[in-house]
Every structure is written in C-alpha cells, then in structure tokens.
C-alpha cells in the first residue's frame, strides 16, 4: 500500500490528487489517501491531524505501508508532513515529498538556522523530491544539493469538446479563478480592468474564488466597474467547466506561484493566458506564444496585454491553439500520471 497525504482544502493540490485517482494511479498501486488538514478552526484541524497521524502509525505498526507520498505546501503543511516522513524513515519506508507550495521561498527564507537544517534533512532523506518546474528544481538544489529532485509538472484532463470561438463584437469574458487576495493579484486586475474599459466596452470580468470578497467588492465600487465584474464564489465541477467554456481570455496576475492548475485548465480549453513571470509559469506560458507575461504588480502592462487580446479575436484564437498544443505535448493528465507511475516503479519496486 502507498499512503498518500493531502489536504481536504479546495485548491490546486487537491485537484492534482483527484487527477491521479481519475487516471487509475490509486487502483494500480493500492493508494490509501489520508487527509491531514481541513479548513476550519484550530480544534477541528488538530483533531483531523491527530486522527491522520494515529491511523498512519497503525498502518506502519502492521507493516502495511510500502511507500509514503506527501503532498506538501509551505509553513504548517511542511512541518505536519515532516512528522509522517520521519516516522516512515524510521521504519525504512520510502518517502516521496511532492512540493506544491508557491510560498516555499518565503517560508524557507524566514527559518532560523536550526529549522533550515531540519528542512534540508527532510529533502536529503527523501527517496524523491517532486517539483513542478525546472526553476523550482534549481531552487531546491540550492537549499540541499543532495536532494534527489524530479520534475513532474501538474497535469490536466483535456476537454472532450470545445466551443466555437466567434470573432464578432459579442461580450468578451475574461476569467480569473483562485483565491481573492493580494497574492493572486486580484486588486491589480480590477485596477487594470478600469483601464481596459476605457478602450474596450464589450468586456466582462468573471471572478471565481473565495477570500477577501468584501474588500474586492469595495474596490469594484470605488473604481466604478460594477457593471463589468461578476463574482461567482468558489466554483467546481460543471460550473467551473461552464465558465471556462464561455471565457475568451484567462488571467492570473499572481505575485508567487508554483505551477497553477487554473492556468493548465484554461490552456486545455484553448484560452490565451495573461499571467506573471513567477514560479514555473514562464516554463508553461511562453511570452507572445500562448499568452502574455508581465512582472507582478505592473498594472499598465497588465492593461496593455488584456486590451491586445480583447481587441484582436484572431490573436486570441492563435494563442489559444498554441496553448492547447502546449498542454498536449507535456502537461496532460495522462502524461503526468505515466511519470508518477514510473517513479513509483523505480522507488518502490527496488
């Protein structure tokens, strides 16, 4: 049995795990998913963590664990998973650390030397450290050169059918999916939208996510763009698919990221991307090919990129086709699941 640790919290990490389940990894390798974290108050989170830990200890004691696959973010997520990983090392069970945290660099930079030594030890002891891009591989090796790092990007399932992208003067839907707050650049996006609307009136921004909703709505009213912004809340399943199907442009002006699932999903729907030069995004979206990349916080550049796409249907279509091709060539869920399957074979069947 392979024990896989993950959070129940909604987001990219959970989407990756569900993708493995859908692609048959769970069935083939007998994966048992243990949830180590939930959204909620401290007491609720503590109970879930303790239940997960006791369950894992029981499995180890009975000799039922052949491998441990930890999906890890930064801060508390890293320290929680480190407890499980240390127990697995003690029992000589192979460990895979799968790093997702977009705030990992910030997290590491804040640690005192003794904690940094603990982080390095975990990276060094792991049988494999999965990162989402080459730039993240370079970063992890700069922390711990002895880490056995493998680049396996997030993957996404391809839609079964695509909408017809008309080139008329209909309303152009710009889509944002993610946490509403500073880190994802929502407030920059709303300020850029004000500039877009001065040049293009046939625009609507749809925002799917949770977070600082009240602050965002206050800014919308302050900017006078209420008529062009629609807050959809957290969207999943068919509702998210409908938003992607109806969108013409996808935008994610984040300040830090790993390899965002939302961009992968948007590209699989043939959407041109407007995003930032952070994390693994430049290894996925090439400037002027699948979309436009700007520096985080550059509102004039964000405005210009959006206007370029809103005003040129042929450019949207060309970039969208390239986006889909990019996904097909190395970021589809089938491709990524094969990589995970090969890694399990290499580590667990030695």
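Nothing in this text is a laboratory measurement; each read-out follows from the coordinates by a stated rule. Being a predicted model, the structure only gives us computed values, none of them experimental. We place every Cβ from the backbone using ideal geometry, glycine too, and count neighbours over all the protein chains shown.
A compact table of results
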| read-out | value |
| --- | --- |
| 20 °C / 1.002 mPa s Stokes-Einstein diffusion coefficient of the chain, Kirkwood radius on C-alpha pairs, µm²/s | 101 µm²/s |
| Cα Rg, Dmax (largest Cα-Cα span) when computed across the range 1-46, Å | 11.9, 36 |
| Helical contribution to [θ] at 222 nm, DSSP H n ≥ 4, -39,500 (n - 2.57), averaged over the chain, rounded to 500 | -15000 deg cm²/dmol |
| Packing rank of 52-62, 240-250, where each peptide gets the mean count of other beta carbons within 10 Å, highest leading | 240-250, 52-62 |
| Peptides ranked, highest mean first, by Cβ atoms within 10 Å: ranges 288-296, 97-105, 34-42 | 97-105, 288-296, 34-42 |
| As computed over the range 106-263, the Cα convex hull volume per residue (Å³) | 154 Å³ |
| For the range 203-242, Kirkwood radius (reciprocal of mean inverse C-alpha pair distance, Å) | 10.9 Å |
| Where the Cα pairs of the range 172-330 fall when distances are cut into 10 Å bins, in % | 12, 45, 38, 5, 0 |
| Highest to lowest packing among 1-14, 83-96, scored as the average C-beta count within 10 Å | 1-14, 83-96 |
| Share of Cα-Cα pairs in the range 10-164 lying beyond 23 Å, as whole percent | 41 percent |
